[in-house]
Amino acid sequence: IQDNDTILSGFPKEFNAWESHWDEVIEPPSGFKVLASSQYSKVQAIVNHDNTVFGVQFHPEVKHTENGTLVFKNFISAIKK
């Protein structure tokens, strides 16, 4: 994690996440910043500059992703603001 902003708030600097595909975002779209990366993908999590659009390359919904449910809790908190 490069930035614990919004959807990754409360996460440790490193965690294990499940990624079951070979698609990869090479660079974030204009207006987005990278929150996390991995050895497999430079862009694992992103957020736009006004914290209203988020994206993850991994699967937070599976048991293999550590603290995956925290991604959803953080997302819900972010969109309620």
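Nothing in this text is a laboratory measurement; each read-out follows from the coordinates by a stated rule. The structure presented is a predicted model; accordingly, all values stated were derived computationally and were not measured. Neighbour counts are summed over all protein chains in view; Cβ atoms, including those assigned to glycine, are modelled from backbone coordinates with ideal geometry.
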Have a look at Gln2, Gln39 and point out the one that is out of contact with any Phe, Trp or Tyr (no Cβ under 6 Å at 6 or more places or on another chain), exposed (fewer than 15 other Cβ atoms within 10 Å of the Cβ), outside any strand (DSSP E or B) and free of Cβ contacts under 8 Å to residues at least 24 places away in the same chain. Gln39
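Residue-wise test of (1) touching a helix residue (DSSP H, G or I) at 6+ places or on another chain (Cβ under 9 Å); (2) outside any strand (DSSP E or B); (3) hydroxyl-bearing (Ser, Thr, Tyr); (4) surrounded by fewer than 16 Cβ atoms within 10 Å (Cβ to Cβ).
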residue: Gly10; (1), (2), (3), (4): yes, yes, no, yes
residue: Pro28; (1), (2), (3), (4): no, yes, no, no
residue: Val34; (1), (2), (3), (4): no, no, no, no
residue: Asn51; (1), (2), (3), (4): yes, yes, no, yes
residue: Lys63; (1), (2), (3), (4): no, yes, no, yes
residue: Thr69; (1), (2), (3), (4): no, yes, yes, yes
